[in-house]
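The next block holds one structure in the form of structure tokens; read it before the comments.
The values are calculated or read from the model by the stated rules, or taken from the named source; none is laboratory data. Not measured: the values here are computed from a predicted model. Heads up, the Cβs are rebuilt from the backbone with ideal geometry, glycines too, and the neighbour counts pull from every protein chain shown. We work out accessible area using only protein heavy atoms, side chains counted, and drop any ligands, DNA or RNA first. Shrake-Rupley method; radii C 1.70, N 1.55, O 1.52, S 1.80 Å.
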Amino acid sequence: MTWASRIYLFSMSLILGGLFALLLNLLFPAPAHATDPTVISSTVSATTTSSSNTVSGTNTVKGAATATAPSISITNSDICKYAAGSMGVQTQVFGIATGGTVVVDEHCMRLKSARAFNAVGLKTVAASILSADPVSFRAMWLSGVYPPIDGKLGTEARDLWLQNPQLLPDGLTMDKLLTANEYKVWVAENVPDDFVKTRTNSDGEMECRAVDGNYWSRC
């Protein structure tokens, strides 16, 4: 028997066996099983539980510490100094503070010096110190008590001041010390014909000179 014959016979036997099994299944069907009602009608239920938690409290937001400027303490009351410029600046991020400076009161120094010289009998020196202040100088002049100059007092001191207006305290001119008529006479006697009245300063600006020659100002 050839191989082809053998394969043919094997195939035919498989086909016939399958047809025979199918015929038996049709003629003798398997008995039906009752359906389990418990399985069919079973219901799966799930319960979802939700919960909420409430936390109460107080939240405090604190900013940066305030910048504090250090104070300047002057314990000696017999000095002519005072504190100035102490300050502080504070923002939400940072702060800065400065301790300031100590300022010398020139007028206070002048008064203390005058008292010291007057206490030892040097009244002329005390008067000279006080007359360095333009307000005190003018008050003395208008009262007829002329400030000392070059060791001179009284009318002699007055004449020297009239001859040297450039020595007057800063901000004080002859027109503030003399009456209108006296000032006209003084100008006529003391201002020469070639008196320079205008000039150009270093900034290229025109300046005019006071009649008594004591100071220059912008025209």
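Here V120 clears all of (1) aliphatic (A, V, I, L, M); (2) modelled with pLDDT of 90 or more; (3) closer than 30 Å to T179 by Cα except the condition numbered (3). Residues that are buried (at least 17 other Cβ atoms within 10 Å of the Cβ) and among the polar types (S, T, N, Q) within segment 143-179 comprise just one, T173. For segment 100-121, the set of residues classified as in a loop (DSSP other than H, G, I, E, B) and open to solvent by 80 Å² or more (accessible area, probe 1.4 Å) consists of V120 only. For segment 122-141: of the residues being among the hydroxyl-bearing types (S, T, Y), within 47 Å of the chain's Cα centre (by Cα) and assigned to a helix (DSSP H, G or I), which is surrounded by the fewest Cβ atoms within 10 Å (Cβ to Cβ)? The selected residue is S128.
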